[in-house]
Amino acid sequence: MAKADFETPELQEYVDVPELVEDTMVHLSPFVAKPDHNTDLNFPGELVEDWHDKALAKLDDLRGRFRSLQVYLDSCVKCGSCTDKCHYFLGTKDPKNMPVGRQDLLRKVYRRYFTFAGKYFPKLVGAKDLTRETLDEWYSYYHQCSQCRRCSVFCPYGIDTAEISMAAREILDSIGYGQKYCNEIIAKVNKIGNNLGLPGPALADTLEGLEEDVEDETGVAVKYPLDVKGADILLVTPSADFFAEPHVDGLIGYGKVFHEAGVSWTISSYASEAANFGMFIGSYENMRRVSLRIRKAALDLGVKRIVFGECGHAWRVAYAFLNTLAGPFDFLDPKYPVPQHILEFTWDQIQKGNLKLDKSANDDKVLTFHDSCNVARATRMGDKPGGQLEIPRNVIKAVCNNFVDMHHDTIGEKTFCCGGGGGLLTDDLMEIRVKGALPRMTALKNVMEEEGVTHMAAICAICKSQFTKVLPYYGMDMNQIVSIHQLVSEAIILTGQNSGDEEDEEGDEEDDDPDA
Amino acid sequence: MSLFFSLLFIVAALVMVIGLARKIVQYARTPAPLKIPTTPAPVTRAGVVLRLFREVVFFESLFKSTKWTWLFGWMFHLGLLLVLLRHLRYFTDPVWLPIQLIQPFGVYAGFAMVIGLVGLLVRRIFIDRVRYISAPSDFLWLAILIIIGFSGLMMKFVAHTDVVMVKEFFTGLMGLHFETLPLDFPLIVHLLLVALLMLLFPFSKLLHVPGIFFSPGRNQVDNPRERRHLAPWAKAMEEQQN
């Protein structure tokens, strides 16, 4: 946790590809899960005695159930294309943080026990026995991967290290060697409904507080409803949105958009979490269990649509997996995709002209946008490929006058992870989080200096928390991170809104021109 | 000696075909339980075919990444393709017109192939990141391919082999008639290594050839909201739990 434990990399004009320095990060491992946290998820509480055979059996099981794993383990030709693409490698110089270096930790074992060449000519093909040291190495380095998929963009075979990391974590869990952060959180969701362990009454309190704040500020009674049966829309949002900064300003924004759109909506206390850490640990079963809460909430509340708040990996599970894991959602209104992203909803409202927006409300800022890794490379918004990159920018440009993109190699499908995704957003992994943020921090610093950028918008709870924590390490300010819906919230002029604490003569009439 | 080569090539061909078929069956039978295309991804089947085409023919993703590796890799693969097509003349009689027409290009392709391979080898030796991830087999593959290419070019430009005999040998072999081979040193090296390559194909990283077509990151349609994508084992689990 303390800054003194490691050195924050210095920001240069470019991130140079470093020369390899072996084992710079071998010392870093996250806290191991306590037995309860493992057993809650149906994993053995502690490292089992026959871990060797169990781990191999699990690897065998997984490669028979996941084509990605089998094909990816076989297909790598060691071309080196991915070697300089991982933010964790760029920030640490450790070759085992190169995507292929990370994959090989598992591939070596796969080759040794499951391929002809590895069984009979291990030295020739770099196959290695599974030892206790291997396990520790897996535990260390597979928890230094944020499953951001940047490497998969550049792989000629589309090999995705995230899939390998997930498999490795699933193997570790299956022998009782789980990670505290992820497993504790999943257990909390199963018990209480969200990652933070906020029970229903606390949620109700928080939402009531938000209603009061918004009414104080705008004079409009915007509702932030909880467990309202028969509402049109179930909003599922990361629980950080309920209290963390800057997240909560985004939640305020969602409420204002729903209010102006004239739809009824609700949050569910039972499914009060968008994030699904089951993906981080590669567990289909756990991912499904968490997803089914959303299905149950939608059924119990009798909603017609499901909308997800701003969150990265959550949107991946929601967009790409929810229908498969917890569908079919034939009980919802077939006119809308299941689920929808809040940005799809807001962009639709903007296009229809349903929102009155005063862009100048954000004139104190020059914005840039951080594409969240899993949104950019694992999902879509809208009906065209790439909508996940365009729609957030469209919304920002609709509510802000000043927007600049960062360097093109650091955004879009090539975006760099914030450094805290994939189950790494925990203080015991601070070193890798700070070092892994180097490429993003460099790109941000550059647009700050060259284009006068003051703020960076993000659409992921993890990105927001991570940047808030990491920016100060690089000499920047934690308040530079904003939600897109915070910007929307600033710009939106609610119907019947009083003009607030500035001038009285403008902005309070419904028919005012928002751009005037 | 010729008999040895006859038997060797029969075994090598069988191992390669059966071995590859088994891997392809394995890939095809292993379910992909979730939609994981690297996005932005095509939303239609036709789009996926186009994406794979660009990937297989132009090495699109590699091009995005490292221009030198792309250049050498693409030179090698395209060269190899033309060389293989050129070699069809040893297996067909009469030789198809398109194969006749590419004969001169096939020769240039032989050079391109070897240059590409040498480029890849230099890269593997001198770039620390690539050297770190290389096993002995990764160097050996390059060496095998370079020697195959070099010995082939030797026969074309330095020490001619009796290609008519070679053709008789292989066309005969295809009908299981064992003919004699001209026993020239470059030819023996050439054929031994080609047979070795065929034997090892299904057990090595050459599996990237079928692998690319089965990579969920590249071959999936991006339509998870429209359609469920339930694997058989996931369906069974669902039925058991519900």
Beyond 19 Å (Cα-Cα) in this structure, taken from A:Lys359/A:Lys464; A:Lys58/A:Lys108; B:Lys23/B:Lys235; A:Lys78/A:Lys128; A:Lys435/B:Lys64, we find A:Lys359/A:Lys464; B:Lys23/B:Lys235; A:Lys435/B:Lys64
Under 5 Å between amide hydrogens, which residues at least 5 positions from A:Val482 or on another chain qualify, with H placed 1.01 Å from N in the peptide plane? A:Met456, A:Ala457, A:Ala458
Taking Cα atoms only, helix A:200-218 is inclined relative to the longest principal axis of chain A by an angle, in degrees rounded to 10, of 40
Spacing of the two label points (7 Å from each Cα toward its C-beta) at B:Met237 and A:Asp383, in nm: 3.3
Cα-based Rg of the protein assembly as shown per 2.2 N^0.38 Å, rounded to two decimals? 1.05
Could you give each residue of the range A:432-445 its phi-based ³J(HN,Hα) in whole Hz, using Karplus coefficients 6.51, -1.76, 1.60 with θ = phi - 60°, and x for Gly or Pro? 5, 5, 5, 5, x, 7, 3, x, 5, 4, 4, 5, 5, 4
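Stokes-Einstein D for the range B:114-159 at 20 °C, 1.002 mPa s, Kirkwood Rh over Cα pairs, in µm²/s?
190
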The range A:3-185: relative contact order as a whole-number percent, Cα under 8 Å and 6+ apart: 34
Distance-filtered residues of the range A:217-233 - backbone nitrogen under 14 Å, label point 7 angstrom along A:Asp205 Cα→Cβ: none
Please identify, among B:Leu85, B:Leu181, B:Leu34, the residue showing maximal mean-square fluctuation in a Gaussian network model of chain B using a 10 angstrom Cα cutoff. B:Leu34
Return the aspartates and glutamates within reach of A:Lys469: Cα separation strictly under 19 angstrom, same-chain partners fewer than 8 residues apart disregarded; answer none if there are no such residues. A:Asp5, A:Glu7, A:Glu10, A:Asp241, A:Glu245, A:Asp249, A:Glu310, A:Asp371, A:Asp427, A:Asp428, A:Glu431, A:Asp477
Full extension from A:Phe121 to A:Lys335: what is 0.36 nm times the residue separation minus their Cα-Cα distance, to one decimal in nm? 71.2 nm
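I need the Kirkwood Rh of the range A:3-185: take the reciprocal of the average 1/r across all distinct C-alpha pairs and report it in angstrom.
Numbers: mean 1/r = 0.0584 Å⁻¹.
After inverting the mean inverse Cα-Cα distance, the result is 17.1 Å.
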Please list, by residue number, everything in the range A:50-69 whose backbone N is under 20 Å from a paramagnetic label point 7 Å out along Cα→Cβ of A:Arg132. A:50-57
Inter-chain shielding metric for A:117-129, i.e. average beta-carbon neighbours from other chains within 10 angstrom, reads 3
My understanding is that a pair violates if its Cα-Cα distance is over 27 Å; which of A:Lys335/A:Lys356; A:Lys352/B:Lys35; A:Lys365/B:Lys67; A:Lys352/A:Lys414; A:Lys34/A:Lys296 do that in this structure? A:Lys352/B:Lys35; A:Lys365/B:Lys67; A:Lys352/A:Lys414; A:Lys34/A:Lys296
Report ³J(HN,Hα) in whole Hz for each residue of the range A:63-76, in order, from the Karplus equation J = 6.51 cos²θ - 1.76 cosθ + 1.60 where θ = phi - 60°; Gly and Pro get x. 6, x, 9, 10, 4, 3, 4, 4, 5, 6, 5, 7, 8, 4
How large is the helix-only mean residue ellipticity at 222 nm for the protein assembly as shown, computed as the sum of -39500 (n - 2.57) over DSSP H runs with n ≥ 4, divided by its residue count, in deg cm²/dmol to the nearest 500? -16500 deg cm²/dmol
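Using only Cα atoms, figure out Rg for the range A:1-70 and give it as a multiple of 2.2 N^0.38 Å.
Normalised Rg, Cα atoms only: 1.74.
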So the angle from the long Cα axis of helix A:284-301 to the longest Cα principal axis of chain A, reported in degrees to the nearest 10, equals 20
From the backbone phi of the range A:141-153, what are the Karplus-calculated ³J(HN,Hα) couplings (6.51 cos²θ - 1.76 cosθ + 1.60, θ = phi - 60°) in whole Hz, Gly and Pro given as x? 7, 6, 9, 10, 10, 9, 6, 8, 6, 4, 4, 5, 5
Please report the spacing between the Cα centers of the range A:344-361 and the range A:243-301 in Å, no decimals. 22
What distance in nm separates the simple spin-label points at B:Thr180 and B:Gln100, each placed 7 Å from Cα in the Cβ direction? 3.1
To the nearest 0.05, how large is the calculated FRET efficiency for A:Asp427 and A:Thr495 if R₀ is 41 Å and r is the Cβ-Cβ distance? 0.40
Expected unfolding gain across B:Tyr108-B:Arg131 under the 0.36 nm per residue rule, minus the alpha-carbon gap, is 5.3 nm
Under unit Cβ charges (Lys, Arg +1; Asp, Glu -1), what dipole magnitude, rounded to 20 debye, does the protein assembly as shown have relative to its Cα centre? 5380
Residues with amide H under 5 Å of A:Trp265's amide H, sequence separation 5 or more or different chain, H placed in the peptide plane at 1.01 Å from N; which? A:Asp232, A:Ile233
Nearest 0.05, what FRET efficiency do B:Val209 and A:Val220 give at R0 = 60 Å with Cβ-Cβ as r? 0.45
In the protein assembly as shown, what percentage of the DSSP-assigned beta bridges are antiparallel, given to the nearest 5? 10
Which far-off residues, 5 or more places away or on another chain, put their amide H under 5 Å from the one on A:Phe308, with H placed in the peptide plane? A:Val236, A:Gln340, A:His341, A:Ile342
Taking the Cα centre of the range A:206-289 as origin, sum charge times position over the Cβ atoms of Lys and Arg (+1) and Asp and Glu (-1), and report the length of that vector in debye to the nearest 20. 600
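Quick note: the coordinates plus some simple rules give every number you see, no bench work behind them. This one's a predicted model, so the numbers in the text were calculated from it and none came from an experiment. Counting neighbours? That spans all protein chains shown, and the Cβs are built from the backbone with ideal geometry, glycine included.
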